[in-house]
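Working notes for the structure below.
The values are calculated or read from the model by the stated rules, or taken from the named source; none is laboratory data. This one's a predicted model, so the numbers in the text were calculated from it and none came from an experiment. Note: ideal-geometry Cβ built from the backbone for every residue, glycine included; neighbour counts use all protein chains shown.
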Amino acid sequence: MEASQGGSRHGYAFFAVLVLLLVVAIFARWRLDAAGASESAGPNDFSAKRAAGFLPVLLGDQQPHPVDSAANRALGQRLIDALQSAGYRPEVQEATSCSEAMRTCARVRNIIAVSEGSAAGKAVLVASHYDSVPAGPGASDNAAGVAIMVESARLLKQRPAGKNSIVFLFTEGEEAGLLGAQAFASHHPRMSDVVAVVNVEARGTSGQSILFETGRANGKLIGEFAAAAKRPLTSSLLATAYGLMPNDTDLSVFKSRGLQGLNFANGEGSSYYHTPLDNLRHIDAGTLQAQGDNIHELLKRLADADLRADGAASDAVYSDVLGFGVLQWPTHWGPFIAVGLLLAFAAAALRLRKRGALAGRGVARGIVGFVLSPVVGGVVAYALTYLLSLFNGAGRAWAASGQPFNRVLLWSAVLIAVVSLLRQLARRSDPLRLWIGLGWGWSFAACAAAIAAPGASYLFLLPAAAMAVCTLIASALPRSGEEPRGLWLLAIPAAVGFVFLFPAIHLIEVMLGFNSVAGVVAMGALLALAATFALPFAASVHAPRAHAFATAALLAAVAAGAFFALRAPAYSAQHPQPLNVMYIQTGDKAVMAVGNASNRPPAQVLKAMGGDVALAPVFAWNQTRFHSVSMPSAGLPAAALTVVAETSVSPQERRVTVRIDAPAGASVIQLLVPEAAQLRTIETDGQILDYSKSSDDYASFICRGVSCNGREIVLVLGPRKQKIAVVAMSPQLPGRAAAVASSRGEVAVPRNDGDQALVVGETQL
């Protein structure tokens with residue numbers, strides 16, 4: 001049995017660990033906010049004010065400017081003028097580029113400006129795209145990135161030339177499938193000089209600048225970033241998680257060619273992302289300053305860095321420390337570090353065992369607590385998502401407008417479940433044995449992570465290191481009663497764990513959000529891991545009082561979080577619902593479609609649609625169900641395919657050259673080729689898309705931009721003629737559909753491709 005005085009201390013410590021957990025969590029979340037624009041930026045420092053002053057000039061009337069549009073041509077010319085004013089001679093690379101993954105082609109115009117270095121053949125490429133999605137003006141994504149690059153280019157022009165050249169690449173067609181980056185990487189002569197890439201992106205309209213992705217051999221660039229950044233925010237966990245997601249940026253093109261690189265973006269304000277609300281009114285000056293500081297300070301260092309194409313460094317495991325600095329080590333060191341920590345911890349545990357301090361089953365309970373806690377945390381998080389989805393019907397499980405309450409609900413529910421589990425495991429055991437069991441759990445987890453998931457291994461290696469050091473110290477302290485002194489030392493690995501786990505939890509929330517099941521489960525599991533440090537202190541005979549107090553506080557937080565989260569509207573003006581309106585015309589029939597089975601339109605939109613709105617498929621080639629209603633045809637003109645030439649390649653193949661004749665106002669032309677047509681390839685301007693391995697019922701080809709009208713494409717088809725659907729898409733909705741679009745009010749907005757009128761025709765090929 002423990003002494004009463006010691007038990008009392010441990011009981012208070014149990015509560016103190018939970019308080020420390022919350023304090024570090026709040027501080028870590030605060031550090032994710034952008035600090036604000038600098039009011040004292042000198043003439044040689046990056047100035048958000050100067051960059052923001054260029055944005056209205058760049059964006060003009062703030063209309064969408066997708067790839068190969070008149071609006072983007074005008075914006076590109078304003079960009080060229082700004083680069084010329086900064087002392088550069090910008091070059092325009094014009095090419096047709098295609099995305100194999102998205103089956104999309106477009107005419108792109110990349111804009112390139114070079115700050116020449118003194119060392120021949122070495123170049124750092126800094127890239128940002130200047131096109132927007134069709135739904136919005138793209139002030140943050142990615143006019144802000146363009147403005148940051150222009151300001152950085154201007155500042156670099158005032159400095160003496162560095163050793164390396166800095167190539168500023170403004171790509172067109174990123175939103176359509178990384179088309180500009182593909183064109184530069186495949187055809188521009190400067191590509192052979194590039195040894196490193198810095199990409200400037202955005203996933204929202206506010207928040208801190210995050211280094212969220214790296215290329216191969218990232219150790220050298222991470223070191224340069226760590227030395228340059230004023231307030232670094234990054235982790236190899238983010239890079240690992242992003243690599244598992246089906247998302248790409250221009251950096252993906254350069255990574256696929258083996259280049260090292262860094263990718264920066266902000267992620268807050270995602271409700272405005274790719275919508276009309278991504279405008280100048282929602283530009284965050286602090287975000288602009290943070291992103292600009294990161295890019296400009298990094299480019300200054302890279303201009304004189306020793307960069308070699310033959311592999312500048314090994315891959316690294318890395319993480320910032322609450323924005324104060326960056327820890328990193330080579331990935332291949334991880335298993336050796338983990339095994340060394342395991343052996344050190346084993347030596348300390350053996351020393352305690354020899355002193356008679358480890359009799360009993362408490363060690364096993366500590367291991368079980370470590371293993372079960374993240375499982376319980378993940379299950380609770382998933383259960384909450386499931387229950388909320390039942391409550392909200394077909395809508396979002398977590399209210400978009402209730403993010404602070406969502407966080408309170410998730411965290412308090414996970415903590416109450418895990419703390420209750422830990423208290424049960426701690427019964428009839430003592431703190432030291434539980435400490436040792438917990439240490440074994442962290443040590444073995446560090447070994448497993450270092451081998452299987454090195455990008456996430458720092459989350460386990462650093463707490464395991466603190467556990468090993470503190471256990472060694474505890475094993476050397478004199479005993480007091482039946483156990484050594486120094487249980488307070490466990491606060492050190494707890495603090496280390498909190499410092500690295502909580503930023504990871506917050507970043508998952510920022511980058512994935514609450515309505516990503518994987519994100520919510522990951523947040524629950526990591527939070528539960530952090531809570532395991534309370535296990536040894538839950539063994540005190542006086543801990544029930546602290547446990548009861550903590551349970552009451554957490555239950556109150558669960559109740560408050562649930563009350564406000566469930567009362568919060570699913571969407572609001574600050575967190576609007578993404579909702580596109582489509583007018584679909586086929587022959588003399590027309591249908592209006594809004595939302596789909598998982599995205600129910602607001603009541604006022606359904607009312608404006610009128611008639612008998614039904615959830616049904618509206619395309620012959622796609623079985624996705626939309627909320628739709630029949631309406632009179634507006635008689636919009638269709639696109640046509642005119643056969644220019646046809647030759648027989650073999651008894652099984654025909655080569656058909658066709659010209660696209662697009663109606664006025666059409667911004668996208670899509671071809672839907674049935675499987676029976678046996679499509680092999682589609683070629684345009686020397687770009688070839690391979691369909692020979694496609695197993696879809698309909699093969700899709702998309703041409704974007706004004707250059708589609710009159711474009712010739714070559715299809716290699718099977719011997720039998722088939723009907724091919726030709727879809728002309730325009731952003732202008734006819735009468736009644738436009739009225740429905742205006743009925744959305746402030747709580748719903750178009751997103752990505754936005755509202756569209758689609759006219760479906762057929763051609764026999």
Q) Could you list, in sequence order, the residues of the stretch 611-635 that are in a loop (DSSP other than H, G, I, E, B) and farther than 13 Å from Val591 by Cβ? A) Trp621, Gly635
Q. Quick check, is Leu715 without any contact (Cβ under 8 Å) to a residue 60 or more places away in the chain, among the aliphatic types (A, V, I, L, M), surrounded by 22 or more Cβ atoms within 10 Å (Cβ to Cβ) and more than 20 Å from Gly136 (Cα to Cα)?
A. no
(Q) Conditions first: (1) surrounded by fewer than 17 Cβ atoms within 10 Å (Cβ to Cβ); (2) within 24 Å of Asp430 (Cα to Cα). Ala550 passes all but one, so which condition is the exception? (A) (1)
**Q.** Unmet requirement for Asp753, which otherwise passes all of (1) out of contact with any helix residue (DSSP H, G or I) (no Cβ under 8 Å at 6 or more places or on another chain); (2) in a loop (DSSP other than H, G, I, E, B); (3) among the charged types (D, E, K, R); (4) modelled with pLDDT under 95
**A.** (4)
Q: Report whether or not Ile222 is touching a Ser or Thr at 6+ places or on another chain (Cβ under 9 Å) and farther than 28 Å from Gln574 by Cβ.
A: yes
Q.
Which condition from (1) in contact with a Ser or Thr (Cβ under 6 Å, 6 or more places away or on another chain); (2) under 30 Å from Ala35 (Cα atoms); (3) not acidic (Asp, Glu) is the one that Gly177 breaks?
A. (2)
**Q.** Test: residue in the stretch 195-208 that is buried (at least 20 other Cβ atoms within 10 Å of the Cβ), on the phi < 0 side of the Ramachandran plot, hydroxyl-bearing (Ser, Thr, Tyr) and part of a loop (DSSP other than H, G, I, E, B)
**A.** yes
Q. Would it be correct to say that Gly243 is surrounded by fewer than 18 Cβ atoms within 10 Å (Cβ to Cβ) and either aromatic (Phe, Trp, Tyr) or under 19 Å from the mean Cα position of the chain (by Cα) (or both)?
A. yes
(Q) Can you list residue pairs whose Cβ atoms sit under 7 Å apart, with the first residue in the stretch 59-80 being under 17 Å from Val92 (Cα atoms) and the second being of a type in the set (Phe, Trp, Tyr) and at pLDDT below 95? Count only pairs 6 or more apart in sequence or on different chains. (A) none
Q) When you look at Arg154, is it at pLDDT 95 or above, more than 24 Å from Ser667 (Cα to Cα) and among the basic types (Lys, Arg), yes or no? A) yes
(Q) Please verify whether Ala113 is in contact with a Leu (Cβ under 7 Å, 6 or more places away or on another chain) and closer than 19 Å to Leu280 by Cβ, treating the condition exactly as stated. (A) no
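Each row is one residue, and each column tells you yes or no for (1) outside any strand (DSSP E or B); (2) surrounded by fewer than 17 Cβ atoms within 10 Å (Cβ to Cβ); (3) at pLDDT 95 or above.
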position: Asn44; (1), (2), (3): yes, yes, no
position: Val57; (1), (2), (3): yes, yes, yes
position: Asp61; (1), (2), (3): yes, yes, yes
position: Val67; (1), (2), (3): yes, no, yes
position: Arg73; (1), (2), (3): yes, yes, yes
position: Gly76; (1), (2), (3): yes, no, yes
position: Leu83; (1), (2), (3): yes, no, yes
position: Gly87; (1), (2), (3): yes, yes, yes
position: Val92; (1), (2), (3): no, yes, yes
(Q) Could you check the stretch 611-643 and list, in sequence order, the residues that are surrounded by 13 or more Cβ atoms within 10 Å (Cβ to Cβ) and touching a helix residue (DSSP H, G or I) at 6+ places or on another chain (Cβ under 9 Å)? (A) Val613, His627, Ser628, Val629, Met631, Ala634, Ala639
Q. How many residues does the stretch 237-269 contain that are in a helix (DSSP H, G or I) and within 18 Å of Val197 (Cβ to Cβ)?
A. 10
Q. Could you list, in sequence order, the residues of the stretch 265-282 that are crowded, with 21+ Cβ neighbours inside 10 Å and closer than 12 Å to Ala144 by Cα?
A. Ala265, Asn266, Asp278
